[in-house]
Amino acid sequence: MRRRSSRKDAAIDSAGRLAAAVGEHPRETVAIIMAAAATFAILVNALFLQKGPHPAPIFAARPLLAQKEAAVPSRLPAQAQTQVQGATDARIALIANIQRELTRKGFYHGPADGVWGANTDIAVRDFAQAANLKINPEASDSLLRTITTSNAKPPAAAPATTDPIAKLIAAPSNRVTAVQRALSDFGYGQIKPTGVYDPETRAAIEKFERDRKLPVTGQINDRVVRDLAAMTGRPLE
């Protein structure tokens, strides 16, 4: 009986001390209780409520393999590759048809290879000038229709001369024509693309060479042709 009584007295004494401590420090007691409750809730959530391995990470991370797969672009499907190849073949066929029509009209004298080079570009521009048209010199179905239905003809050739030097100077050149057009397009003078090297062409070349800090020669040399091609973004020969 005495043991039970002593235990009961000790429990009452402890409870009394706890109550006294709570009474003296109510705020601290409430904070301790709230912290203990929060800790208990976190443990229960981590151990019993989270899916996957325990403890569950705070910030979900994508698997490394998934990141690599997302970084590497997938290859074009076979259908897309077929469409791209078909578009390329269609453009080649379109350019070849334009070249054939230009040849039939007398503006083009090269092969119908489907490649839009300097000779094709010159021929289209010559056609547009002869037909008094303002068209975009790019391969298109509308350009092909315009050439096919047009009655434009290339200008008549200059009369023959017996002077070989004069004939050499006056002979039109595709290279000269391309250079003249490029210089005119970029504001180096009102030059007519005649294909004949004349004083206006020489003056325009000298101005171009000064702007590009090149040796001023006034001649159509490889350096001038190369720099003009780089500026226009298309081959000149």
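Quick notes on this structure:
- Residue list for segment 158-188, restricted to those being at pLDDT 50 or above, farther than 18 Å from residue 209 by Cβ, β-branched (Val, Ile, Thr) and outside any loop (DSSP other than H, G, I, E, B): 169, 177
- In segment 106-132, the residues that are over 22 Å from residue 233 (Cβ atoms) form Cβ pairs under 6 Å with partners that are at pLDDT 85 or above and among the charged types (D, E, K, R), at six or more places apart or across chains, as follows: 107/126; 112/100.
- Selection status of residue 192, out of contact with any strand residue (DSSP E or B) (no Cβ under 6 Å at 6 or more places or on another chain), without any contact (Cβ under 8 Å) to a residue 60 or more places away in the chain and more than 23 Å from residue 108 (Cα to Cα): no
- Residues in segment 92-119 that are closer than 15 Å to residue 193 by Cα and in a helix (DSSP H, G or I): 118, 119.
- Selection status of residue 211, exposed (fewer than 15 other Cβ atoms within 10 Å of the Cβ), within 21 Å of residue 119 (Cβ to Cβ), at pLDDT 85 or above and not assigned by TED's automatic domain parsing to the domain that holds residue 137: no
- Segment 187-209: number of residues that are touching a Phe, Trp or Tyr at 6+ places or on another chain (Cβ under 8 Å) and of a type outside the set (A, V, I, L, M): 3
- Positions within segment 111-121 being in contact with a Phe, Trp or Tyr (Cβ under 9 Å, 6 or more places away or on another chain) and at pLDDT 85 or above, in sequence order: 120
The values are calculated or read from the model by the stated rules, or taken from the named source; none is laboratory data. Bear in mind the structure is a predicted one, so any value in this text is a computation, not a measurement. In this analysis, Cβ positions are derived from the backbone assuming ideal geometry, glycine residues included, and neighbour counts consider all displayed protein chains.
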